[in-house]
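Undergrad: Below you'll find the structure I mean.
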Amino acid sequence: MQDTILIIDDEADILSTLEDYFLYNDYRVITAANGREALEKAAGQPSLILLDINMPDIDGLEVCTRIREFVSCPILFLTARTEENDRIRGLGLGGDDYIVKPFSLEELGARVAAHLRRERRKSGSPKVYLDDTLAIDYTKRQLYIKEKEVALAKKEFDIIELLSGYAGQIFSKERIYERIWGYDSDGDSSVVAEHIRRIRVKMAKAGARPYVKTVWGVGYQWVK
């Protein structure tokens with residue numbers, strides 16, 4: 001089932017960029033351009049809310065206060081404000097995270113995915129079914145194909161977690177290496193190809209279709 005994200009921002013270009021990004025990453029997206037519209041659309045009980053603080057009619061802090069009366073999903077503030085007291089106030093009113101503009105779409109996407117995984121763990125359903133045959137338990141770090149666990153090394157699961165969390169997005173092997181091994185690691189990115197080869201062999205033996213696609217000359221992609 002798709003997660004629904006409500007994006008609230010009075011800047012049309014930001015709203016459009018975020019909508020395109022999350023639609024591309026297989027989320028259902030609802031948008032609101034002002035506080036009053038946000039109050040109406042939040043009644044639809046989205047999975048997560050991205051909320052701009054600095055809006056002209058009803059600011060994001062007031063919106064957060066009002067919707068917390070009937071919405072329990074994570075609320076992530078988006079704002080250019082950097083003052084500590086604004087952050088403290090926003091979190092105190094019921095916000096769950098604080099993203100300062102300008103921000104990286106990749107970082108925002110990662111934070112959204114992390115909050116949604118946390119919500120699933122709280123609901124007692126940590127196993128996420130990506131289709132009829134494959135499921136990932138991000139809490140226990142386990143991969144299941146046709147209800148049977150596939151044994152994975154730590155780095156193999158790290159790669160699957162990264163790619164599946166950004167299904168459809170292409171990652172170069174250098175980018176994967178930096179995210180999984182770290183910028184200061186002594187190795188090099190060639191190790192990524194070997195880990196992905198092992199992942200493919202294990203998944204194929206378990207009867208799964210190819211989920212990790214090679215985009216020649218560019219990198220790797222998790223196929224939706």
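The values are calculated or read from the model by the stated rules, or taken from the named source; none is laboratory data. Note that this is a predicted model, so its numbers are computed, not measured. No Cβ is skipped: glycine too gets one built from the backbone with ideal geometry, and neighbour counts run over all protein chains shown. In case anyone asks, the SASA skips ligands and DNA or RNA and just uses the protein heavy atoms, side chains included. Shrake-Rupley method; radii C 1.70, N 1.55, O 1.52, S 1.80 Å.
Undergrad: Treating the angle as unsigned and between 0 and 90°, give the value, to the nearest 10°, between the Cα long axis of helix 190-205 and the longest Cα principal axis of the chain.
TA: Roughly 80 degrees between the two axes.
Undergrad: Loop-only chymotrypsin sites (Phe, Trp or Tyr not before Pro) in the range 9-84, please: DSSP not H, G, I, E or B, and at most 10 other Cβ atoms within 10 Å.
TA: Here the sparse-neighbourhood loop sites are Phe70.
Undergrad: Can you report the principal axis dimensions of the range 1-58 using only the alpha carbons, biggest first, rounded to whole angstrom?
TA: Computed over the range 1-58, the largest-to-smallest principal extents equal 33, 25, 13 Å.
Undergrad: To continue, here is another question. Give me a comma-separated list of calculated 3J(HN,Hα) values for the range 111-120, in order, Karplus coefficients 6.51, -1.76, 1.60 applied at θ = phi - 60°, integers in Hz, x for any Gly or Pro.
TA: 5, 4, 4, 5, 5, 5, 4, 5, 5, 5
Undergrad: Further question: By how many degrees, between 0 and 90 and to the nearest 10, does the Cα long axis of helix 12-24 differ from the longest principal axis of the chain?
TA: For 12-24 against the chain, the angle is about 30 degrees.
Undergrad: Would you calculate a helix-derived [θ] at 222 nm for the chain, using -39,500 (n - 2.57) for each DSSP H run of n ≥ 4 and dividing by the full residue count, to the nearest 500?
TA: It comes out at -12500 deg cm²/dmol, rounded to the nearest 500.
Undergrad: Next up: In whole percent, and with a 1.4 Å probe on the protein chains, what portion of the accessible area of the range 128-224 is carbon and sulfur?
TA: Whole-percent figure for carbon plus sulfur exposure: 52.
Undergrad: Based on alpha-carbon atoms only, what is the radius of gyration of the range 124-224 relative to the globular estimate 2.2 N^0.38 Å?
TA: Numbers: Rg = 13.2 Å, N = 101, 2.2 N^0.38 = 12.7 Å.
Compared with the compact-globule rule of thumb, the range 124-224 sits at 1.04.
Undergrad: Among DSSP bridges having both ends in the chain, what percentage is antiparallel? Round to the nearest 5.
TA: 50
Undergrad: Next question, about the same structure. How much FRET efficiency would the formula 1/(1 + (r/R0)^6) give for Thr139 and Gln45, where r is the Cβ-Cβ distance and R0 is 25 Å, rounded to 0.05? Please report the intermediate quantities before stating the final value.
TA: Details: r = 24 Å, r/R0 = 0.94.
The value I calculate is 0.60.
Undergrad: Follow-up question, since we're still on this one. How large is the Rg to Rh ratio of the range 90-178 when both quantities use alpha carbon positions and Rh follows Kirkwood?
TA: 1.01
Undergrad: Please identify the GluC sites (Glu not before Pro) of the range 1-98 that satisfy two criteria: DSSP loop assignment and at most 13 other Cβ atoms within 10 Å. Which are they?
TA: Values: sites: Glu11, Glu19, Glu37, Glu40, Glu62, Glu69, Glu83, Glu84; in loops: Glu11, Glu69, Glu83.
Listed in order of number, the matching sites are Glu69, Glu83.
Undergrad: Among the listed pairs Lys41/Lys213; Lys41/Lys154; Lys140/Lys202; Lys41/Lys101; Lys41/Lys224, which have their C-alpha atoms separated by more than 30 angstrom in this model?
TA: Check vs 30 Å cut-off fails for Lys41/Lys213; Lys41/Lys154.
Undergrad: Could you calculate the FRET efficiency of Arg209 with Val128 from 1/(1 + (r/R0)^6), where r is the beta carbon distance between them and R0 is 25 Å, rounded to 0.05?
TA: 0.90
Undergrad: Which FRET efficiency, nearest 0.05, do Arg36 and Thr65 yield, Cβ-Cβ r, R0 22 Å?
TA: 0.95
Undergrad: Evaluate the Debye formula for the range 1-100 with equal point scatterers sitting on the alpha carbons, no solvent, and hand back log10 of I(q)/I(0) at q = 0.18, 0.21, 0.22, 0.23 Å⁻¹, in q order, two decimals.
TA: Taking Cα atoms of the range 1-100 as identical point scatterers yields -0.76, -1.05, -1.15, -1.25.
Undergrad: What's log10 of I(q)/I(0) for the chain at q = 0.09, 0.11 Å⁻¹, Debye sum over Cα points only, no solvent?
TA: Calculated log10 I(q)/I(0) at the listed q: -0.42, -0.62.
Undergrad: Mind checking the per residue accessible area of the chain for me, 1.4 Å probe, whole number of Å²?
TA: That works out to 51 Å² for each residue.
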